[in-house]
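To start, the structure under review is shown below, and the notes come after it.
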Amino acid sequence: MKIASWNVNSLKVRLPQLTQWMAEAQPDVVALQETKLEDAKFPVDELAAAGYRAVFSGQKTYNGVAILARAHAPTDVVTDIQDLDDPQRRILAATIGDLRVIDLYVVNGKAVGDPKYTYKMDWLAKVREFIAREHERHPNLVVLGDFNIAPEDRDVHDPVAWRDSVLCSVPEREALGAITGLGLHDSFRLFEQDAGHHSWWDYRQAAFRRNLGLRIDLILLGDALKGTARAAAIDRVPRKWERPSDHTPVTLDLDI
């Protein structure tokens with residue numbers, strides 16, 4: 001089974017790229033972030049024609065998450081969690097076959113000390129409690145998405161320049177560590193240990209060509225699935241296409 005996560009930065013704009021990439025990469029499960037579409041405008045028919053059934057939680061212009069699956073229709077869908085009264089569409093959970101999948105578009109936070117940073121930290125704390133409850137119920141858990149946190153300095157093109165900045169600050173990394181501490185593993189780091197691997201590059205300053213990026217798109221898997229992991233990758237090719245998202249897909253192959 002191949003699982004993928006991709007912040008498409010507008011599904012309306014990137015739908016042709018998504019369907020092209022899925023036809024080539026053949027993922028079984030795809031989690032999307034920043035779909036930026038109201039539910040009534042979600043391209044259900046187009047994705048069905050591509051072989052995928054979809055569940056989604058969206059809003060106009062901003063945010064929005066979706067989970068697409070081939071072999072199994074997603075069930076037991078959750079879009080809102082306990083103690084988090086939030087109109088922003090950033091959380092989506094569904095069961096796909098034997099897997100429980102949680103798709104997250106984590107708050108950016110804008111800048112350390114900003115009210116949006118405080119909101120991000122509170123959001124992460126509440127989402128951690130939700131993940132803990134889900135993991136108790138579903139050992140075969142995958143948590144994936146745009147985390148807007150670079151886990152370590154080796155995930156940052158210039159750790160000195162980014163130190164103590166949003167996406168790389170100590171509290172954010174500690175909050176991510178509290179999530180992985182529930183028994184979840186950063187799947188990419190099961191296979192690759194080197195620095196220089198990124199999944200997001202700013203549109204400015206020729207950042208992609210110069211590889212001035214961050215690895216902030218993650219696929220975390222629970223202890224019960226760790227032994228089934230066979231490969232993890234960052235597919236840089238779609239970032240080279242015309243009018244690309246600023247993120248590129250990340251993938252995980254499981255032997256299940």
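The values are calculated or read from the model by the stated rules, or taken from the named source; none is laboratory data. Given the structure is predicted, the values throughout are model-derived calculations rather than measurements. Cβ placement follows ideal geometry from the backbone for every residue including glycine, while neighbour counts extend to all protein chains displayed. The area values use the complete protein model at the heavy-atom level, side chains included, leaving out ligands, DNA and RNA. Shrake-Rupley method; radii C 1.70, N 1.55, O 1.52, S 1.80 Å.
A compact table of results
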read-out: Axial C-alpha extent at least 18 Å, average Kyte-Doolittle at least -1.0 - helices from the chain (DSSP); value: 11-25
read-out: Region 111-140 versus region 31-82: alpha-carbon centroid distance in Å; value: 21 Å
read-out: Rounded percent of accessible protein surface that carbon and sulfur make up, region 1-146, 1.4 Å probe; value: 49 percent
read-out: Lys, Arg +1 and Asp, Glu -1 on Cβ, resulting dipole of region 169-256 about Cα centre, debye, nearest 20; value: 400 debye
read-out: Cβ crowding within 10 Å averaged over residues, with 179-189, 197-207, 160-170 ranked highest first; value: 179-189, 197-207, 160-170
read-out: Share antiparallel - DSSP beta bridges, region 100-255, percent rounded to 5; value: 75 percent
read-out: Helix-derived mean residue ellipticity, 222 nm - over the chain, DSSP H n ≥ 4, -39500 (n - 2.57), to 500; value: -7500 deg cm²/dmol
read-out: Added length on full extension, which subtracts the Cα-Cα distance from 0.36 nm per residue, Q193 to D153; value: 13.2 nm
read-out: Efficiency of FRET from Cβ geometry, E242 and D80, R₀ 41 Å, rounded to 0.05; value: 0.65
read-out: Pairwise label distance in nanometres, A161 with E38, each label 7 Å out on the Cα-Cβ vector; value: 4.0 nm
